[in-house]
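A short worksheet on the structure shown next.
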Amino acid sequence: MKYTCLNPIASVGLDQFTEGYEKTEKMEDADAVLVRSAAMHDLELPDGLYAVARAGAGVNNIPLDKCAEKGIVVFNTPGANANGVKELVIAGMLLASRDIIGGVEWAKSEAGSEDIAKKAEKEKKKFAGCELMGKKLGIIGLGAIGIQVANVAECLGMDVYGYDPYISVDAAWKLSKGVKHIKDVDDIYRTCDYITIHVPLLDSTRKMINQDAIDLMKENVVILNFARDMLVDEEAVVKALKEGKVKKYVCDFPNTTTAGVENAIIIPHLGASTAESEDNCAKMAVQELMEYLEKGNIIN
Ligand code: MLT
């Protein structure tokens, strides 16, 4: 197999996974492409290309129609970075509930002040928060990430509700015993204090969290989006943040609509940016390419 890599995809270099395979700089010379987040939509896909493997779950940076026309098989690595994303989602819920960011900024601004400890006792009221225990968490999408978030949230004492039209009650029960399986997503909007979305970006899911959904939500709801920004009508969310209906919007996809908006906690797409997740994705992507190019097997 001759492969090319459009952007760095493993923390320690790809060589440990690709031993015996030749790396080429040009896509024209390659049988397969490995890619992480680089957008491939404007690239000319050469005739000799057999496969593209995305080291990650979402495939919206890959021109699926163009690949299908040319018979190029596209792979992704579902689940390989789920733990990294799950940990950041939990951190997002905590950041939305405890004013860790405000407190840290305050302590920084007091650097060098001799009576910082005394001042802290006076100031800390400003940074008081709330706890996750006993709060209702709604998870939209019970795939690899959604289920892992559910399991940790239960350990934190949250009351977990899950919605996924593609998973049976039995399967949801087996994967995460405590999840209450909700059949109508509107009931998630009506019931939950925290709502996190973990679905792929499809025509049917684009702007799924929109004004109508927000209208159904409780006052002071926290919305978390670690899946794709286009799943949420962010203009509607910003309006709801300004009106005070939404308490916090935590999102792993920065853009001009939300960056800098008060009560929006915006993170620069760090969900899977851990050494472990990067290496798991890179390893799985290479294995998928080998299975296909050597044995004709298609996995993921
Ligand atoms: C994914 O699609 O797997 C995540 O967004 C992580 C990433 O793209 O780096």
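The values are calculated or read from the model by the stated rules, or taken from the named source; none is laboratory data. None of these values were measured; they are calculated from a predicted model. Counting neighbours? That spans all protein chains shown, and the Cβs are built from the backbone with ideal geometry, glycine included.
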Check: For segment 153-200, how many residues are β-branched (Val, Ile, Thr), within 23 Å of Ala272 (Cβ to Cβ) and in a helix (DSSP H, G or I)?
Finding: 0
Next item on the list: Evaluate segment 95-117: report whether one residue or more is under 30 Å from Leu202 (Cα atoms) and either in contact with a helix residue (DSSP H, G or I) (Cβ under 6 Å, 6 or more places away or on another chain) or not in a helix (DSSP H, G or I) (or both).
Entry: no
Note to self: Taking the conditions exactly as written (surrounded by 15 or more Cβ atoms within 10 Å (Cβ to Cβ), within 16 Å of the ligand (Cβ to nearest atom) and basic (Lys, Arg)), does Arg98 satisfy them or not?
What the structure shows: no
Next item on the list: Kindly list the number of the only condition in (1) surrounded by 14 or more Cβ atoms within 10 Å (Cβ to Cβ); (2) in the same structural domain as Arg36 (by TED's automatic domain parsing) that fails for Glu110.
Entry: (2)
Notebook entry, point to check: With (1) in contact with a Cys (Cβ under 7 Å, 6 or more places away or on another chain); (2) closer than 14 Å to Leu289 by Cβ as the list, and Glu19 as the residue in question, which single condition is left unmet?
Noted result: (1)
Item checked: Hits in segment 1-22 (condition: farther than 18 Å from Asn280 by Cα and either of a type in the set (Asp, Glu) or assigned to a loop (DSSP other than H, G, I, E, B) (or both)) -> Met1, Gly20, Tyr21, Glu22
Notebook entry, point to check: Considering segment 210-258 alone, what residues qualify as being charged (D, E, K, R) and either in a helix (DSSP H, G or I) or within 16 Å of the ligand (Cβ to nearest atom) (or both)?
Noted result: Asp212, Asp215, Arg228, Asp229, Glu234, Glu235, Lys239, Lys242, Glu243, Asp252
Check: Which of the residues belonging to segment 259-300 are part of a loop (DSSP other than H, G, I, E, B), within 13 Å of the ligand (Cβ to nearest atom) and either acidic (Asp, Glu) or touching a residue at least 60 places away in the same chain (Cβ under 8 Å) (or both)?
Finding: Ile267, His269, Leu270, Gly271, Ala272, Ser273, Thr274, Asn300
Check: Exactly one of (1) within 19 Å of the chain's Cα centre (by Cα); (2) surrounded by fewer than 20 Cβ atoms within 10 Å (Cβ to Cβ); (3) of a type in the set (Val, Ile, Thr) is unmet by Thr196. Its number?
Finding: (2)
Check: Among Asp164, Asp186, which is the only one that is in the same structural domain as Phe226 (by TED's automatic domain parsing), farther than 27 Å from Gly56 by Cβ and in contact with a helix residue (DSSP H, G or I) (Cβ under 8 Å, 6 or more places away or on another chain)?
Finding: Asp186
Check: Has segment 11-19 got at least one residue that is touching an Asp or Glu at 6+ places or on another chain (Cβ under 7 Å) and modelled with pLDDT under 95?
Finding: yes
Margin query: Every residue in segment 272-290 that is surrounded by 22 or more Cβ atoms within 10 Å (Cβ to Cβ) and not aliphatic (A, V, I, L, M), please.
Written below: Ser277, Glu278, Cys281, Glu288
